[in-house]
Amino acid sequence: MADRAALEDLVRVQGERVRGLKQQKASAEQIEEEVAKLLKLKAQLGPDEGKPKFVLKTPKGTRDYSPRQMAVREKVFDVIISCFKRHGAEVIDTPVFELKETLTGKYGEDSKLIYDLKDQGGELLSLRYDLTVPFARYLAMNKLTNIKRYHIAKVYRRDNPAMTRGRYREFYQCDFDIAGQFDPMIPDAECLKIMCEILSSLQIGDFLVKVNDRRILDGMFAVCGVPDSKFRTICSSVDKLDKVSWEEVKNEMVVEKGLAPEVADRIGDYVQQHGGVSLVEQLLQDPKLSQNKQALEGLGDLKLLFEYLTLFGIADKISFDLSLARGLDYYTGVIYEAVLLQPPARAGEEPLGVGSVAAGGRYDGLVGMFDPKGRKVPCVGLSIGVERIFSIVEQRLEALEEKVRTTETQVLVASAQKKLLEERLKLISELWDAGIKAELLYKKNPKLLNQLQYCEEAGIPLVAIIGEQELKDGVIKLRSVASREEVDVRREDLVEEIKRRTSQPLCIC
């Protein structure tokens, strides 16, 4: 056993030697010679019979986040949370798994994407698919009829991941919801305002918010001749129009879902329309749609919504789009989805949508599904697609080769001479106690050059340098890493001077 351990050490050392030569760009002959030695040692070692073999990887559809990536995420979260708080929201949290029956039947065709947990002889459980259904369960369980809340947490979907486009099996959702009985469209307009504020603040590019209403869709299906039993499944097909052509959607409706071709054609005449309040007014005059009670209610509310959106100054960002369906079963009224716009390929063309980054809508019946007496609590909300936003921000930073600070350290406590560790420890303790974010190198006698290089690499803006002369004079030499300018600051004034110099927020995205 001891011989094997010695041989493993030799393999490790030889492996490091080969890697070192490759980094140094040594000659091919030299590298080849050392690789041959490594292979010979590995052959002597033989197979790892006693060791279990496993692959070091994260599960499909998940990822780790480096300090750099986490710094970007925190910045994005800060923007989102500050907006939610600005609009008066409280924060809640719910369990990562729910009773399976809580989630069943709420997501339409997407229910197949729910992760069911193995039965441990107790309750049947599933990982949460979104934050909306747990919120509705929370309201019903606590008999709440009025709350404005936000919730940021991970959700889980057994989907086919597309990691480069920010689609994962485990991902964060950032939800904001208003529950309660209020006058029509005022909370809905605020949700759209919040969506626009967040996307504008994140500066990820031009965006458009598509708006529709489930009542308009249901009314449209009814006047087109869709059987009641097919409303939801046809709705799911229409929802794919942002990804595939009308011909493919029509084919799915007719071939796979058994809809009559002439009914599909009538749907096509409607769902390919989009515009502003003028389209709402046009449809209010539509001879068929205006005769449907549900559609008429939806169109009336949308007209009112556009009035409020104009007052909020965001009507130019909103498009009434009859193809927007939002596949989830629980929506009952206004629905919306924000997409990023790709600049047009040629002048005169319309900008293309390159992916959804936020969505939401009204779901007045969901809480009643959980209430023993069926009491309804009207709700409207939105969800920010942060994973997609993280991917966009990361790609942008990589393209710009922009350096991202992964710490918030304001100052490094350094020494200019040897045998000053005790003084460094005393000073850094004073700074920590005063709320200053400070670091020091974990060496007794670090070289000043190494300390300054560490600051440059880590993006630390200031260095507090202690030297023998400074100790005698009762001062600390404060150095700006960027300008290399140095000033003597009295020890009792050091905290205020550091605060003054580092008061500007550090931008990382």
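The values are calculated or read from the model by the stated rules, or taken from the named source; none is laboratory data. None of the values given here were measured: they were computed from a predicted structure. In this analysis, Cβ positions are derived from the backbone assuming ideal geometry, glycine residues included, and neighbour counts consider all displayed protein chains. Protein only, heavy atoms only, side chains kept; ligands, DNA and RNA dropped before computing areas. Shrake-Rupley method; radii C 1.70, N 1.55, O 1.52, S 1.80 Å.
Sequence gap at least 6, Cα distance under 8 Å: using those rules, report the relative contact order of the range 356-509 to the nearest whole percent.
Once divided by the residue count of the range 356-509, the mean separation gives 19 percent.
Treating only the Cβ atoms of Lys and Arg (+1) and Asp and Glu (-1) as charged, compute the dipole magnitude of the range 143-228 about its Cα centre; round to the nearest 20 debye. Walk me through the numbers before you get to the answer.
Details: 13 positive and 12 negative charges, 94 e Å.
Its charge dipole is roughly 460 debye.
On the principal axes of its Cα set, how long, how wide and how thick is the chain? Give whole Å, largest value first.
Projected onto the principal axes, the Cα atoms of the chain cover 89, 66, 59 Å.
Leaving out same-chain residues fewer than 8 places away, which lysines sit with a Cα under 16 Å from that of LYS37?
The qualifying lysines are LYS22.
Report, to the nearest whole %, how much of the accessible area of the chain belongs to carbon and sulfur atoms, 1.4 Å probe, protein only. Mind dumping the intermediate values first?
Details: 14100 of 27290 Å².
Taking all protein chains in place, the chain shows 52 percent carbon and sulfur surface.
For the chain, what is the calculated [θ] at 222 nm in deg cm²/dmol (nearest 500), taking -39500 (n - 2.57) for each run of four or more DSSP H residues and dividing by its residue count?
Working: 18 runs with 212 residues, N = 509.
After summing the helix terms and dividing by the residues of the chain, the value is -13000 deg cm²/dmol.
Where the convex hull is taken over the Cα atoms of the range 411-503, what is its projected area averaged over directions, in nm²?
Values: hull surface 21.4 nm².
Spelled out: convex hull of the Cα atoms, projected over all directions, averaged, 5.3 nm².
Work the Kirkwood hydrodynamic radius out for the range 276-346: mean of 1/r over every pair of different alpha-carbon atoms, inverted, in Å. Each step should come with its number before you reach the end.
On the way: mean 1/r = 0.0726 Å⁻¹.
After inverting the pairwise mean of 1/r, the radius is 13.8 Å.
Tell me the Rg and the Dmax, in Å, that the Cα atoms of the range 47-146 produce.
19.4, 65
Suppose R0 equals 51 Å; then what is the FRET efficiency for ASP488 and LEU117 from their Cβ-Cβ distance, rounded to the nearest 0.05? Before the final figure, lay out each step's value.
Working: r = 63 Å, r/R0 = 1.24.
Result of the calculation: an efficiency of 0.20.
Starting from the Cα of LEU341, step 7 Å along the direction of its Cβ; do the same at VAL244; then give the gap between the two resulting points in nm.
Taking the two extended label points, one gets 2.8 nm.
Relative contact order of the chain: what whole-number percent is it, with Cα pairs under 8 angstrom and at least 6 residues apart? Don't skip to the answer; put the middle values down first.
Working: 796 pairs, mean separation 72.6, N = 509.
Reported as a whole number, the value is 14 percent.
In what sequence, largest accessible area first, do ARG232, ARG484 appear using a 1.4 Å probe? Don't skip to the end; give the middle numbers.
Working: ARG232 85, ARG484 150 Å².
My answer, sorted largest first, is ARG484, ARG232.
Taking the inverse of the average 1/r across all pairs of different Cα atoms in the range 1-45, what Kirkwood radius in Å do you get? Don't skip to the end; give the middle numbers.
Working: mean 1/r = 0.0925 Å⁻¹.
Value: 10.8 Å, from the Cα pair sum.
Tally Lys/Arg at +1 and Asp/Glu at -1 over every other residue whose Cβ is under 13 Å from the Cβ of SER483; what's the total? Don't skip to the answer; put the middle values down first.
On the way: positive: ARG479, ARG484, ARG501; negative: GLU456, GLU485, GLU486.
In short, 0.
Using a 1.4 angstrom probe, figure out how much accessible area the chain has per residue, in square angstrom, rounded to the nearest whole. Display every interim value, and only then the final one.
Numbers: 27290 Å² over 509 residues.
Each residue of the chain exposes 54 Å² on average to a 1.4 Å probe.
What ranking of PHE54, PHE320, PHE182 comes out by heavy-atom accessible area, probe 1.4 Å, highest first? Before the final figure, lay out each step's value.
Numbers: PHE54 155, PHE320 0, PHE182 95 Å².
Ranked list, largest accessible area first: PHE54, PHE182, PHE320.
Calculate how many DSSP beta bridges within the chain are antiparallel, expressed in % of all such bridges and rounded to the nearest 5. Please report the intermediate quantities before stating the final value.
On the way: 51 of 63 bridges.
In the chain, DSSP labels about 80 percent of beta bridges as antiparallel.
Net charge near GLU430, counting Lys/Arg +1 and Asp/Glu -1 over other residues with Cβ under 15 Å of its Cβ? Present the calculation step by step, with values, prior to reporting the outcome.
On the way: positive: ARG424, LYS426, LYS437, ARG490, ARG491, LYS499; negative: GLU422, GLU423, ASP433, GLU439, GLU470, GLU492, ASP493, GLU496, GLU497.
Taking every other residue near GLU430 into account, the sum is -3.
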